[in-house]
1. Which one of the conditions (1) free of Cβ contacts under 8 Å to residues at least 60 places away in the same chain; (2) on the phi < 0 side of the Ramachandran plot does D17 fail to meet, given that it meets all the rest?
2. Going by the structure shown, is A12 closer than 24 Å to A105 by Cβ, aliphatic (A, V, I, L, M), over 11 Å from the mean Cα position of the chain (by Cα) and open to solvent by 60 Å² or more (accessible area, probe 1.4 Å)?
3. Just give me the residues in region 15-44 being surrounded by 12 or more Cβ atoms within 10 Å (Cβ to Cβ) and farther than 28 Å from P119 by Cα, in sequence order.
4. For I118, only one of the following conditions fails: (1) of a type in the set (A, V, I, L, M); (2) open to solvent by 70 Å² or more (accessible area, probe 1.4 Å); (3) modelled with pLDDT under 95. What is its number?
5. Looking only at region 45-76, which residues are open to solvent by less than 20 Å² (accessible area, probe 1.4 Å) and over 16 Å from E19 (Cβ atoms)?
6. Considering region 82-97 alone, what residues qualify as being open to solvent by 30 Å² or more (accessible area, probe 1.4 Å) and modelled with pLDDT of 95 or more?
7. So P100 ticks every box in (1) surrounded by 12 or more Cβ atoms within 10 Å (Cβ to Cβ); (2) out of contact with any Gly (no Cβ under 8 Å at 6 or more places or on another chain) but one. Which box is left unticked?
Amino acid sequence: MKFKLDTSHEVAPGPFDREILKRADAILSSAQVWNRADDRKCPATATTWSIYCAAERATIEITGGFHHRRPALELVREIVDERTKGRNYQHRLMDYNNDPSTTLAEVHSLFVEALGRIPE
């Protein structure tokens, strides 16, 4: 089966995206499992996760597959952009995750804020 994405029409986040965000937040449950050195490589055998890899793993668990432009991830990127105006991040999720000033509380609030932007 093949899919063709129409990038000219943004898809709004929906119920699956809510579940993805909740699961990603749960995956990053503590500082011990937070990978602060993200390289956007997310092995299935990982025991620590970055923001990006937690979102990837959550997406696979919830939907059975992964696309890095899933609405849940786009919403998280949008919030990172808002929070980091003036910072010149090349890869938003990776660079925000790896930024020494980013706290785990901010990561959790990122997912909470994204959830708040999806209508129930």
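1. Looking at each condition in turn, D17 falls short on (1).
2. Spelling it out, it is not the case that A12 is closer than 24 Å to A105 by Cβ, aliphatic (A, V, I, L, M), over 11 Å from the mean Cα position of the chain (by Cα) and open to solvent by 60 Å² or more (accessible area, probe 1.4 Å).
3. Hits for region 15-44 are V33, W34, N35, R36, D38, D39, R40, C42.
4. (2)
5. S50, I51, C53 - these are the residues of region 45-76 that are open to solvent by less than 20 Å² (accessible area, probe 1.4 Å) and over 16 Å from E19 (Cβ atoms).
6. Answer for region 82-97, where residues must be open to solvent by 30 Å² or more (accessible area, probe 1.4 Å) and modelled with pLDDT of 95 or more: E82, R83, M94, D95.
7. Going through (1) surrounded by 12 or more Cβ atoms within 10 Å (Cβ to Cβ); (2) out of contact with any Gly (no Cβ under 8 Å at 6 or more places or on another chain) one by one, P100 breaks only (1).
The values are calculated or read from the model by the stated rules, or taken from the named source; none is laboratory data. No experiment lies behind these values; they were computed from the predicted model shown. Quick reminder, even Gly has a Cβ in these numbers, built from the backbone with ideal geometry, and neighbours come from all protein chains shown. Heads up: the accessible areas ignore ligands, DNA and RNA and are worked out on the full protein's heavy atoms, side chains in. Shrake-Rupley method; radii C 1.70, N 1.55, O 1.52, S 1.80 Å.
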